[in-house]
Every structure is written in structure tokens, then in C-alpha cells.
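K.L.:
This structure is in C-alpha cells; I'll ask about it shortly.
The values are calculated or read from the model by the stated rules, or taken from the named source; none is laboratory data. Bear in mind the structure is a predicted one, so any value in this text is a computation, not a measurement. Glycine gets a Cβ as well: all are built from the backbone with ideal geometry, and neighbour counts include every protein chain shown. Accessible surface areas use protein heavy atoms only, side chains included; no ligands, DNA or RNA. Shrake-Rupley method; radii C 1.70, N 1.55, O 1.52, S 1.80 Å.
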Amino acid sequence: QVQLVEAGGCLVQPGGSLRLSCTASISIFSRYVMGWYRQAPGKQRELVAHITNVGNTNYADSVKGRFTITRDNRKNTVYLQMNSLKPEDTAVYYCNAVPSKDDSWGQGTQVTVSS
């Protein structure tokens, strides 16, 4: 079982930037495709970005050009750089493997975009 701990969320103004991090508990993390998911109030959880174990990336249309996912396999950590944030980016952000592992969801980190 992989345990994942997300951090970096906070309240930010529209147009601002944040960097989220997610650290895995075990070294085999480097073998997985990893993704950042988010869940807004009243909505289903959605995958917004993912990165393969060799660094290939893909993004949801809603965040393309604004968000960047990276990973550091030596630190068992995946990052999400979020720029030009919009109120509709407000959500709890989670990381997990792609496809997700049901027993690995962490607590997530809250991102609120508001003036």
C-alpha cells in the first residue's frame, strides 16, 4: 500500500500561483504513472494532470497551459505548479497513481481561489 501526503494548498487571489507537492511512502513510486486529481464542492473527482515514470505529461483541457506537473523520483515526490489560477480551480487536490489505487487516497490539500 502506498501512502500519499499532499501539501501546499492555500487561499490565493485570481491570477496567482501555487505549487503543490505530494510525497509517497515507498520507493517503488518511481514505477507508477502519477496524477493530480481535484474535487470541487458538489462535483466528481477529476484527473487534471498526469506524468509517466519517464516524464511524459498530459493535461485536462481546463488547465492546459496553466498547470505543470513534474516529478522527482529520488524524493518520491510529484509536484503541480499552478499559474494564472481561476476561481473555478477551487477544489481539494489529491495525488494518486493513474489509474488510481483506492487504498492510497490521502487527505488532499485545499486550494481556494478568491479575491
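K.L.:
Using the 4.7 Å Cβ rule, please list in number order the cysteines from the chain without any candidate partner.
P.N.:
Cys10
K.L.:
Could you provide, to the nearest whole Å², the per residue accessible area of the chain with probe 1.4 Å?
P.N.:
Here the per-residue accessible area is 53 Å².
K.L.:
May I ask you to derive the FRET efficiency for Asp102 and Thr52 from their Cβ-Cβ distance with R0 = 30 Å, giving the value to the nearest 0.05?
P.N.:
Working: r = 21 Å, r/R0 = 0.71.
For R0 = 30 Å, the calculated efficiency reads 0.90.
K.L.:
Please list, by residue number, everything in region 60-81 whose backbone N is under 19 Å from a paramagnetic label point 7 Å out along Cα→Cβ of Ser17.
P.N.:
63-72, 78-81
K.L.:
Need the full-extension length gain, Arg31 to Gln1, defined as separation in residues times 0.36 nm minus the C-alpha distance. One decimal, nm.
P.N.:
Length difference between fully extended and current span is 9.4 nm.
K.L.:
Name all residues of region 62-101 having a backbone nitrogen under 16 Å from the label point set 7 Å from the Cα of Thr112 along its Cα→Cβ direction, giving them as ranges.
P.N.:
Zone members listed by number: 86-93.
K.L.:
What is the percent carbon and sulfur in the accessible area of the chain, measuring with a 1.4 Å probe over the protein chains and ignoring ligands?
P.N.:
46
K.L.:
Now a separate question. Does the chain come out rounded, prolate or oblate by the C-alpha gyration tensor, with a ≥ b ≥ c the root eigenvalues, rounded set by a/c under 1.5 and, if not, prolate when a/b is larger than b/c and oblate if not?
P.N.:
Taking the square roots of the gyration eigenvalues as a ≥ b ≥ c, the chain is prolate.
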